[in-house]
Amino acid sequence: MDQRTVSSVIAGRPVAGAPGGRIRSTNPARLDEVVADVALGDAALLVTAARAARDAQRAWADVPAPVRGRAITHIGRLVEDNKQALAALVTREIGKPYPEALGEVQEIIDTCDFFLGEGRRLYGQTVPSEMPDKQLFTFRNPVGAVAVITAGNFPVAVPSWYIVPALLCGNTVVWKPAEYSAAVADAFHELFCRGGGLPPGVFNVVYADGPTTFAGLEQALDAGLIDKVGFTGSSEVGARIGELAGRHLQSACLELGGKNPMVVTASADIDLAVEGALFGGFGTAGQRCTSLGTVICHESVHDEFLTRFAEATAAAAVGDPFADVLYGPMLDIRFAERFERFLAWIGPQHKVMGSSGIGRITAANPRARFVGDPEAGIFCHPTIVDGVRPGDEIFDRETFGPLVGVTTYRTLDQAVELANAPGYGLSSSIYTSDATEAFRFRRGVSAGMVSVNNSTSGAEAHLPFGGNGKSGNGSRQSGQWVLDQFTRWQALNWDYSGRLQKAQMDVAELTPDRDFRL
Ligand code: NAD
């Protein structure tokens, strides 16, 4: 298997040396296979990249929006032509099963398909004035130079949600991908720069660890080089990024963690709910921001649901992500280690189901229907924890990994209260055949996204994506909604009357007859 040598690219030139040290990105399904040798940057490199983005921004904004839209067209086509190769790299580097990796790449193509047309829209408005011989207008202006920091669980789809609209709107970009998905990031960057014919400095990429990124971002913001920060990652780091951006009078786009509830009502189709829980809870080894956190089951169907869910989980194939499996390895060793700490939250009040063991799958802790060699990579047992309640860490906190909690409710109001209790607010789902329940749940739940008779996972490129509470600050990605992240409205008023007309004061008034009665 080929191995990539990856380094930051600033103003179109690969950066020599590795001021932040070197790391190896390995295949999590075969740890002895190095996918990329990665040269990391330091804080100063991030500042250099921000300056390159700043320097290139005015000229890029001067490229007419329809021409920038054509660049997005070409990027989308080039990604489509390289779909299988990029998906295979995603599977190799982060272990996402190949069909899901193909879907992940498709999301870039869909995002390009949406925004290529936006280049010919990017509409402003003409607005009537309250005075004669005066016209009002609105324009969307690019924000400027944008820093984008992303997690590696959606190593190309989520970056495309930022980078495609940011570029289309006339911004330039510094992207800091996750270190453990560097080979995929390098391929993505190359496809974008070559496919879009992007001038140097328009799209820069810097590889760095978390603390270095924070230091570099702070310096770049202090120097006035960055106008907008987009961050996708944990709620803890997101809170710090939001604080930093706020100190510079900026509102970051924050897409953070989730503890996504799924309500199974008494009228639910249980087979459908089990299928949704399996995909939502264990797909991508539970390492999606939209992964199912807790099933909130009506007490009348709890036993039936739990039995069938546990059976389906026990029967699911886990293992080699290039084979036909429900899920593959953890994204990286750091997530397996952290997941072990989450498993320690299981208490005597809980009932554990779903597999022949918990934690790492090994020869000594095997799983039936494992596909491949578990010891070659970092694979974890799927774990269902029944009997979770508010106050349990397992109920209250995101447990990024293959773990699903189960609890019960009696009234729909209780179900909504339980769904909102952890304080996140990304995705949610309800299984019901009662429209009243579906709409009452929608109104009550704090999540930015609600599924009815569908799992908590599964975004479409033209619907707003984002969360509330610990899941984000209300920013939305995708579709027309994200345009408000990457443009600022400018209002223009043009008075061609030849005199100074004062708003509110020089306004004509028609005289109404307020005493008139029928
Ligand atoms: P993380 O916050 O540790 O890292 C995310 C990114 O931020 C990485 O590129 C990392 O290098 C960088 N980073 C880490 N510390 C930093 C710091 N102090 N300053 C600046 N950058 C820093 O997140 P993770 O645990 O690697 O990723 C998983 C998390 O991301 C989960 O909570 C998941 O739910 C969330 N996520 C959210 C979405 C969404 O759209 N809402 C999508 C994917 C993942």
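Laboratory data are not the source of any read-out in this text; all were calculated from the coordinates shown. Keep in mind that what you see is a predicted model, and the values were worked out from it rather than measured. Backbone-built Cβ (ideal geometry, glycine too); neighbour counts: all protein chains shown.
Details
- Taking 0.36 nm per residue of sequence separation and removing the Cα-Cα distance, the residue 222/residue 311 pair yields an extension gain of 26.5 nm.
- The alpha carbon gyration tensor of region 165-217 gives principal lengths a ≥ b ≥ c with a/c of 1.5 or higher and a/b no greater than b/c, which makes the shape oblate.
- Placed amide H near residue 263: partners under 5 Å, 5+ positions off or other chain: 296, 429, 430, 431
- Where only DSSP H runs of four or more residues are counted, the chain gives -11500 deg cm²/dmol as its mean residue ellipticity at 222 nm, each run worth -39500 (n - 2.57).
- Sorted ascending by nearby beta carbons within 10 Å, beginning with the fewest, 451, 129, 300, 427 become 300, 129, 451, 427.
- The ranking of 488, 288, 443 from fewest to most other beta carbons within 10 Å of each one's beta carbon is 443, 488, 288.
- Take the Cα radius of gyration of region 316-409 and divide it by 2.2 N^0.38 Å, N being the number of residues; the result is 1.09.
- Charge-dipole axis of region 390-518 as Lys and Arg at +1 and Asp and Glu at -1 on Cβ define it, positive-most pick from 426, 508, 490: 508
- Sorted fewest first by neighbouring Cβ atoms within 10 angstrom, 118, 275 come out as 275, 118.
- For region 322-340, backbone nitrogen atoms closer than 13 Å to the point 7 Å from residue 368 Cα along Cα-to-C-beta are found at no residue.
- Working note: Karplus 6.51/-1.76/1.60 with θ = phi - 60° gives region 182-191 the couplings 5, 5, 5, 4, 4, 5, 4, 4, 5, 4 Hz, where Gly and Pro are set to x.
- Whole-Å semi-axes of the ellipsoid equivalent to region 74-139 (Cα gyration tensor, √5λ, descending): 44, 11, 7
- Helix 157-168 and the long axis of the chain differ in direction by around 10°, with both axes built from C-alpha atoms.
- Three-way shape call for region 372-518 based on the alpha-carbon gyration tensor, with the a/c threshold at 1.5: prolate
- Helix axis angle, 435-444 relative to the chain longest principal axis, alpha carbon, degrees: 70 degrees
- Cα pair distances of region 333-373 binned at 10 Å [whole percent]: 24, 50, 25, 1
- Derived scalar couplings between HN and Hα for region 456-467 equal 6, 9, x, 9, 10, 5, 10, 10, x, 10, x, x Hz in order, rounded to whole Hz, by the Karplus curve 6.51 cos²θ - 1.76 cosθ + 1.60 (θ = phi - 60°), x for Gly and Pro.
- Considering all C-alpha pairs of region 238-397, those separated by over 27 Å amount to 30%.
- Using the average count of surrounding beta-carbon atoms within 10 Å as a protection proxy, the listed peptides 184-190, 417-423 rank, highest first, as 184-190, 417-423.
- Hz values of 3J(HN,Hα) by residue in region 55-61 - Karplus curve (6.51, -1.76, 1.60), Gly and Pro given as x: 5, 8, 5, 4, 5, 5, 5
- q = 0.22, 0.29 Å⁻¹: log10 I(q)/I(0) that the Debye formula gives for region 240-297, counting C-alpha atoms only: -0.81, -1.10
- Taking amide H as placed 1.01 Å from N in the peptide plane, the amide H of residue 361 sits under 5 Å from that of 379, 380, 381, each at least 5 places away or on another chain.
- Between the residues 94, 136, 109, the greatest Cα displacement towards the positive end of the dipole of region 94-232, with unit charges on the Cβ of Lys, Arg, Asp and Glu, is found for 136.
- Normalised convex hull volume, region 414-490, alpha-carbon set, Å³ per residue: 104 Å³
- Kirkwood Rh, angstrom, region 25-119 [1 / mean 1/r, Cα pairs]: 15.9 Å
- Per-selection Rg to Rh, region 132-199 - Cα, Kirkwood hydrodynamic radius: 1.18
- Region 113-153: C-alpha gyration tensor shape, a/c 1.5 cut-off, then a/b vs b/c: prolate
- Using R0 = 60 Å, the C-beta based FRET efficiency linking residue 85 and residue 417 works out to 0.80.
- Cα lying deepest toward the dipole's positive end in region 1-65, options 34, 6, 64, charges on Cβ: 64
- Put a dot 7 Å past the Cα of residue 460, heading toward its Cβ, do the same for residue 194, and the two dots end up 3.3 nm apart.
- Rel. contact order, % - alpha carbon contacts under 8 angstrom, at least six apart, region 19-94: 34 percent
- Coarse-grained scattering of the chain at q = 0.07, 0.08, 0.11 Å⁻¹, given as base-10 log I(q)/I(0) from a Debye sum over alpha-carbon atoms: -0.42, -0.54, -0.94
- Quotient of Cα Rg and 2.2 N^0.38 Å for region 76-229, N being how many residues it contains: 1.22
- Dividing the mean sequence gap of close Cα pairs (under 8 Å, 6+ apart) by how many residues the chain holds gives a relative contact order of 18 percent.
- Long-range amide H partners of residue 149 with built H, under 5 Å: 176, 230, 231, 232
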